[in-house]
Amino acid sequence: MKKEMFRLSLSLFIIAVLGSCSSTKNVTKNQVGKVNDRSIVILYENDVHCGIDGYTKLAGLRDAIAAADTAYVAVVSNGDYLQGGPAGAISHGMFIADIIRSVGYDAITLGNHEFDYGVPRMKEVMANVGAPVVCANFFEMNTDVPYYSPYIIKQFGNKRIAFVGATTPETMNSEGYSFYDEAGNQLYDLREKTFYNVLQQAVDKARSEGADYVVILSHVGEDPFDMNIDSHQMIAATKGVNVVLDGHTHSTIPADKVNNLEGKAVPISQTGTQFANIGKLLITRDGRFTTTLIPAAEISYQSERVNEAVKNVDAQLKEVTSRVVCTSEFPLKVYDEKGVRLVRRLETGSGDLVTDAYRHAMQAEIAFQNGGGIRNDLPAGNITYGDIVSLDPFDNTMCKIEATGAQILEMLTKCTRLVPQEDGSFPQCSGIKYTIHSASHTISDVAVLQADGTYKPLDPAATYTLAVSSYYKGGGYYDIFKDCRVLRETGTITRDVLSEYMEKVLNGKVPQAYAQPQGRITIVDD
């Protein structure tokens, strides 16, 4: 009797989560086993970025829906899970693979940050996720077959769903170092010029193999960036796709619709980032597609199996990350209260701190760090090494290069072109100040800090020493510096430079000067 009451309570909860869908109406014991009497639920996430605690809720919700026995259920990922926090950085992605394997995904695609550790490491990690990896547009050079399967077809009752993977070609800019060898020879390709055609070919092939529905697992995003490719244009350029589950731009989109090549409305959704929400795609028995977002804070279900995997990772991380490096009377903010990434659109105290650490470590005149490389807030109170890894989870090393004033001005103009919109290339700085004109997309009043504390106008013909990360030096968005003379390279990871600066140079306490931006970057709307 108690078991039946629990089952009834569980079913009522799942009905509430699913909404008033046809799969939960008029279901009798005799009907449960019939394939035509169930809808299909696809739970999805994107841009988790090592937010490992959310996996147990995702798996718990999936298991609860399965136990309610009213709908078929699957779990998919739209990319960017291997990087963005200590669990990824410390293990080069393998801790995340362990957790993903414990969840039991039905399909996952690649995000741009899966390429952060280089393609050989990505291949090694992805071989351990225990789930089909799909990506229609990732190719090794001089090959005509994608490295991973472009799609997988899965059976749900009497329906077959093709999950097709798509990764933004912009990755070849943002993670350009993974696509070329040291001599500049291209090793891999994401098919920028034929992206929509490659995707359409995968959709057509899946349909020809009997797929009733096609779901795109997309890490393409809402913004076109430099390559002028985005998820809305992807839908408009293709046909035969039923729904797009998107990622990359950290957008929170419960449900939107875009007309495809044939003028048919295709649903599209994103969940935000770091498990703020879990997406739910409902495919009803009569073939209707609806997407909604469930706030993770409202999900009480957990998976014991995934909990154990997360606890195991947490225990291993604690050994490395628990050491207190510094204290602060105030938080160093990357996000504002609404979750907007300030560090990608204007000067922040966290950006000032990071670039000051770089400039000091390399004894350079100027330092830059892209806002996209500063990921998470540092808390008030004790700041641990784990907090610093969370702020800077990437394995970039420090470099000292020589650049002309003209090159610096060109870089600043290029990397502030989207202000006031978010842009991961936005240059936080030390030893230099400048003004951004957001309407005309120009830069003015660029001046370099002198030894006496004054600023002198940037001389386009002069050369300056710059402290930058290996990522900043290596090309992609920062190709302006690619051929600059390298004065010094170190094997020191940038987060360790910051840690040492806070512990030894600042004597273990963040000065009040970093509580607010220090006036290095001015933005005017003209």
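Output the residues belonging to segment 291-313 that are touching a Gly at 6+ places or on another chain (Cβ under 8 Å) and either of a type in the set (Asp, Glu) or in a strand (DSSP E or B) (or both).
Thr291, Thr292, Leu293, Ile294
Can we say Tyr117 is at pLDDT below 95 and at negative phi?
Judged against the criteria, Tyr117 is a match.
Can you pull out the residues in segment 322-336 that are assigned to a loop (DSSP other than H, G, I, E, B), modelled with pLDDT of 95 or more and touching a Lys or Arg at 6+ places or on another chain (Cβ under 9 Å)?
Once the filter is applied, which keeps residues that are assigned to a loop (DSSP other than H, G, I, E, B), modelled with pLDDT of 95 or more and touching a Lys or Arg at 6+ places or on another chain (Cβ under 9 Å), segment 322-336 yields only Glu329.
Out of the residues in segment 508-526 that are more than 29 Å from the chain's Cα centre (by Cα) and either of a type in the set (A, V, I, L, M) or under 17 Å from Pro379 (Cα atoms) (or both), which is least open to solvent (accessible area, probe 1.4 Å)?
Of everything passing the filter in segment 508-526, Gly508 is least open to solvent (accessible area, probe 1.4 Å).
Mind checking whether some residue in segment 491-501 is in a loop (DSSP other than H, G, I, E, B), closer than 29 Å to Asp387 by Cβ and out of contact with any helix residue (DSSP H, G or I) (no Cβ under 8 Å at 6 or more places or on another chain)?
Checking segment 491-501: not a single residue is in a loop (DSSP other than H, G, I, E, B), closer than 29 Å to Asp387 by Cβ and out of contact with any helix residue (DSSP H, G or I) (no Cβ under 8 Å at 6 or more places or on another chain).
Is it the case that segment 423-432 has a residue that's over 19 Å from Leu353 (Cβ atoms), assigned to a loop (DSSP other than H, G, I, E, B) and touching a helix residue (DSSP H, G or I) at 6+ places or on another chain (Cβ under 7 Å)?
yes
This table checks each residue for (1) open to solvent by 10 Å² or more (accessible area, probe 1.4 Å); (2) assigned to a loop (DSSP other than H, G, I, E, B).
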residue: Leu110; (1), (2): no, yes
residue: Tyr117; (1), (2): yes, yes
residue: Arg121; (1), (2): yes, no
residue: Glu124; (1), (2): yes, no
residue: Ile152; (1), (2): yes, no
residue: Gln155; (1), (2): yes, no
residue: Pro169; (1), (2): no, yes
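When Lys239 is evaluated against the numbered criteria (1) in contact with a helix residue (DSSP H, G or I) (Cβ under 9 Å, 6 or more places away or on another chain); (2) closer than 17 Å to Pro150 by Cβ; (3) surrounded by fewer than 24 Cβ atoms within 10 Å (Cβ to Cβ); (4) in contact (Cβ under 8 Å) with a residue 40 or more places away in the chain, which criterion, by number, is the only one it fails?
Answer for Lys239: the failing condition is (4).
Working only within segment 57-101, note down all residues that are open to solvent by 10 Å² or more (accessible area, probe 1.4 Å) and either within 21 Å of Leu281 (Cβ to Cβ) or in a loop (DSSP other than H, G, I, E, B) (or both).
Restricting attention to segment 57-101, the residues satisfying the condition of being open to solvent by 10 Å² or more (accessible area, probe 1.4 Å) are 57, 62-63, 66-67, 69-70, 72-73, 86, 90-92, 94-95, 98, 101.
Those that are open to solvent by 10 Å² or more (accessible area, probe 1.4 Å) and either within 21 Å of Leu281 (Cβ to Cβ) or in a loop (DSSP other than H, G, I, E, B) (or both): Lys57, Arg62, Asp63, Ala66, Ala67, Asp69, Thr70, Tyr72, Val73, His92.
How many of the residues making up segment 454-464 are buried (at least 19 other Cβ atoms within 10 Å of the Cβ) and not aliphatic (A, V, I, L, M)?
First pass over segment 454-464, keeping only residues buried (at least 19 other Cβ atoms within 10 Å of the Cβ): 458, 464.
Still in the list and also not aliphatic (A, V, I, L, M): 464.
Number of matching residues: 1.
Taking only segment 281-311 into account, find how many residues are touching a residue at least 12 places away in the same chain (Cβ under 8 Å) and either farther than 23 Å from Ala64 by Cβ or of a type in the set (A, V, I, L, M, F, W, C) (or both).
13
Can you find even one residue in segment 250-261 that is in contact (Cβ under 8 Å) with a residue 60 or more places away in the chain and open to solvent by 10 Å² or more (accessible area, probe 1.4 Å)?
Looking for residues that are in contact (Cβ under 8 Å) with a residue 60 or more places away in the chain and open to solvent by 10 Å² or more (accessible area, probe 1.4 Å), one finds at least one in segment 250-261, hence yes.
Does Asp479 qualify as being surrounded by fewer than 17 Cβ atoms within 10 Å (Cβ to Cβ), among the charged types (D, E, K, R) and over 30 Å from the mean Cα position of the chain (by Cα)? Spell out how you get there, then give the answer.
On the way: surrounded by fewer than 17 Cβ atoms within 10 Å (Cβ to Cβ): yes; among the charged types (D, E, K, R): yes; over 30 Å from the mean Cα position of the chain (by Cα): no.
No: the conditions fail for Asp479.
Out of (1) over 19 Å from His248 (Cα atoms); (2) within 17 Å of the chain's Cα centre (by Cα); (3) surrounded by fewer than 18 Cβ atoms within 10 Å (Cβ to Cβ), the odd one out for Gly104 is which?
Going through (1) over 19 Å from His248 (Cα atoms); (2) within 17 Å of the chain's Cα centre (by Cα); (3) surrounded by fewer than 18 Cβ atoms within 10 Å (Cβ to Cβ) one by one, Gly104 breaks only (2).
With the checklist (1) small (Gly, Ala, Ser); (2) in contact with a Pro (Cβ under 6 Å, 6 or more places away or on another chain); (3) closer than 24 Å to Tyr471 by Cα in hand, flag the one item Gly424 doesn't pass.
Here Gly424 clears every test but (2).
Here's the yes/no breakdown for (1) closer than 21 Å to Asn260 by Cα; (2) in contact with a helix residue (DSSP H, G or I) (Cβ under 6 Å, 6 or more places away or on another chain):
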{"position": "Asp144", "(1), (2)": "no, no"}
{"position": "Lys154", "(1), (2)": "no, no"}
{"position": "Thr171", "(1), (2)": "no, yes"}
{"position": "Ser174", "(1), (2)": "no, yes"}
{"position": "Ser178", "(1), (2)": "no, yes"}
{"position": "Ala183", "(1), (2)": "no, no"}
{"position": "Leu190", "(1), (2)": "no, yes"}
{"position": "Val220", "(1), (2)": "yes, yes"}
{"position": "Gln233", "(1), (2)": "yes, no"}
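Residue-by-condition table, conditions (1) buried (at least 18 other Cβ atoms within 10 Å of the Cβ); (2) at pLDDT 95 or above; (3) closer than 25 Å to Cys415 by Cβ; (4) of a type in the set (S, T, N, Q):
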site	(1), (2), (3), (4)
His219	yes, yes, yes, no
Gln233	no, yes, yes, yes
Leu245	yes, yes, no, no
Ala265	no, yes, no, no
Asn277	yes, yes, no, yes
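Tell me the residue from Val505, Val486, Val468 that is among the β-branched types (Val, Ile, Thr), surrounded by fewer than 19 Cβ atoms within 10 Å (Cβ to Cβ) and under 17 Å from Glu365 (Cα atoms), please.
Val486
Give me the residue from segment 337-376 that is among the charged types (D, E, K, R), at pLDDT 95 or above and closer than 14 Å to Arg495 by Cα and, out of that set, least open to solvent (accessible area, probe 1.4 Å).
Here the answer is Asp356.
Consider Thr454 carefully, then state whether it is touching a Ser or Thr at 6+ places or on another chain (Cβ under 8 Å) and farther than 20 Å from Val334 by Cβ.
no
Only one of Met362, Met398, Met411 is under 30 Å from Gly51 (Cα atoms) and among the hydrophobic types (A, V, I, L, M, F, W, C); which? Reasoning before the result, please.
Numbers: Met362 fails: under 30 Å from Gly51 (Cα atoms); Met411 fails: under 30 Å from Gly51 (Cα atoms).
Selected residue: Met398, the only one of Met362, Met398, Met411 that is under 30 Å from Gly51 (Cα atoms) and among the hydrophobic types (A, V, I, L, M, F, W, C).
Can you tell me which of Arg417, Arg495 is basic (Lys, Arg) and open to solvent by less than 40 Å² (accessible area, probe 1.4 Å)?
On the way: Arg417 fails: open to solvent by less than 40 Å² (accessible area, probe 1.4 Å).
Only one candidate passes the filter, namely Arg495.
The values are calculated or read from the model by the stated rules, or taken from the named source; none is laboratory data. Being a predicted model, the structure only gives us computed values, none of them experimental. All Cβ positions, glycine included, derive from the backbone under ideal geometry; neighbour counts span all protein chains shown. When the accessible area is computed, the model is the full protein with side chains, heavy atoms only, and any ligands, DNA or RNA have been set aside. Shrake-Rupley method; radii C 1.70, N 1.55, O 1.52, S 1.80 Å.
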